[in-house]
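S.K.: I am attaching a structure below and will ask some questions about it afterwards.
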Amino acid sequence: MPAHLDPRAPLVLDTRELPRSPGAMREVRRSAQAPGDLGVELISVPAGAELALDLRLQSVSEGVLVSGSVTAPVEGECGRCLRPISDTVVVDLAELYAYPDSTTAETTDEEEVSRLEGDLLDLEPALRDAVVLALPTNPVCRADCPGLCSECGVHWDDLPDDHSHEAVDPRWAALGKIKASEE
Ligand SMILES: [Zn+2]
Ligand SMILES: [Zn+2]
């Protein structure tokens, strides 16, 4: 059994206002603080950032169906040039929370179908899955980011087109010096 849900937790929704008759519906539009660790290694929702919930809670015979979207700011680092990325992600949710005594709850695993706990449901696991799916594993600051020169680490945007680190043959270098002194 998971730990009991805290009704004050930002992503725990109370369904008390929702009549337990199939078809009944309530809208939930509010903001909530993002939990920590929401995202992937290179890009994630900052802990404590404001999430905008735009959800519908619908009574169905087996439980409560939650659908809608959550908008969240994301911050990360470009995988090619390490520049910071700030963006917004909008994820769609559609998750059934089964009544603990429903046939669905009796015939499925808690891993497969979420459960209501009393009148409470925890949006966090579903949101976590949706955010991870929506975020790129290799985020880039822009699609054509050229990255950094592997020799000097300077962004290719800031380097001339002919930038290179090809070792100059010392004899040519000497010649260059002579030419320079002649001028
Ligand atoms: Zn970049
Ligand atoms: Zn370089």
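Read-outs: derived from the displayed coordinates by stated rules, not from any lab. Keep in mind the model is a prediction, meaning the values are calculated, not measured. Cβ coordinates were reconstructed from backbone atoms using ideal geometry, including for glycine residues, and neighbour counts include every protein chain displayed.
S.K.: Compute a Gaussian network model of the chain, connecting alpha carbons closer than 10 Å, and tell me which residue from 87, 101, 54 fluctuates the most.
M.R.: Per the Cα network of the chain with a 10 Å cutoff, 101 tops the list.
S.K.: Can I ask one more? Under the Karplus relation 6.51 cos²θ - 1.76 cosθ + 1.60, θ = phi - 60°, what is the ordered set of whole-Hz ³J(HN,Hα) values for segment 10-26, x standing for Gly and Pro?
M.R.: Each residue of segment 10-26 in turn: x, 10, 9, 9, 9, 9, 4, 6, 8, x, 7, 10, x, x, 5, 9, 9 Hz.
S.K.: Dipole of segment 24-183 (Lys/Arg Cβ +1, Asp/Glu Cβ -1, origin at the Cα centre): which of 116, 67, 138 lies farthest to the positive side?
M.R.: Checking the options against the dipole of segment 24-183, the answer is 138.
S.K.: Across segment 96-110, in residue order, what do the Karplus-derived ³J(HN,Hα) couplings come to in whole Hz, using 6.51 cos²θ - 1.76 cosθ + 1.60 with θ = phi - 60° and x for Gly and Pro?
M.R.: 8, 10, 7, 5, x, 9, 7, 4, 4, 5, 6, 10, 10, 8, 5
S.K.: Fewest Cβ neighbours within 10 Å first, please rank 163, 4, 155 accordingly.
M.R.: Numbers: 163 12, 4 9, 155 17.
Starting with the residue having the fewest Cβ neighbours, the order is 4, 163, 155.
S.K.: Let me see the P(r) profile for segment 1-57: every Cα-Cα distance counted, bins of 10 Å, each bin given as a percent of all pairs.
M.R.: Here the calculated profile for segment 1-57 is 19, 40, 32, 9, 1.
S.K.: Along segment 55-67, what does the Karplus equation 6.51 cos²θ - 1.76 cosθ + 1.60 (θ = phi - 60°) give for ³J(HN,Hα), rounded to whole Hz, x for Gly and Pro?
M.R.: Using θ = phi - 60°, the values come out as 10, 10, 9, 10, 6, 10, 4, 9, x, 10, 9, 10, 9 Hz.
S.K.: Here's a follow-up. Given N residues in segment 65-171, what is its alpha carbon radius of gyration divided by 2.2 N^0.38 Å? Don't jump to the answer; show the numbers that get you there.
M.R.: Numbers: Rg = 23.8 Å, N = 107, 2.2 N^0.38 = 13.0 Å.
So the Cα radius of gyration is 1.83 times the expected 2.2 N^0.38 Å.
S.K.: Give the angle, between 0 and 90 degrees and rounded to the nearest 10, that separates the Cα long axis of helix 170-182 from the longest principal axis of the Cα atoms of the chain.
M.R.: Tilt of helix 170-182: around 60 degrees.
S.K.: How far apart, in nanometres, would the label points at residue 83 and residue 30 be if each is projected 7 angstrom from Cα along the Cα-to-Cβ direction?
M.R.: Between residue 83 and residue 30, the label points sit 3.9 nm apart.
S.K.: Nothing charged except the Cβ atoms of Lys and Arg (+1) and of Asp and Glu (-1): what's the magnitude of the dipole of the chain about its Cα centre? Round to the nearest 20 debye. Walk me through the numbers on the way to the answer.
M.R.: Details: 15 positive and 35 negative charges, 87 e Å.
Approximately 420 debye in magnitude.
S.K.: So, how do all the Cα-to-Cα distances of the chain break down into 10 Å bins, in percent, from 0 on up?
M.R.: The percentages, shortest bin first, are 8, 26, 23, 14, 10, 7, 5, 4, 3, 0.
S.K.: Moving on. Nearest 500 deg cm²/dmol is fine: what mean residue ellipticity at 222 nm does the chain get from its DSSP H runs of n ≥ 4 alone, each adding -39,500 (n - 2.57), divided by its residue count? List each step's numbers first, then the result.
M.R.: Values: 3 runs with 29 residues, N = 183.
After summing the helix terms and dividing by residue count, I get -4500 deg cm²/dmol.
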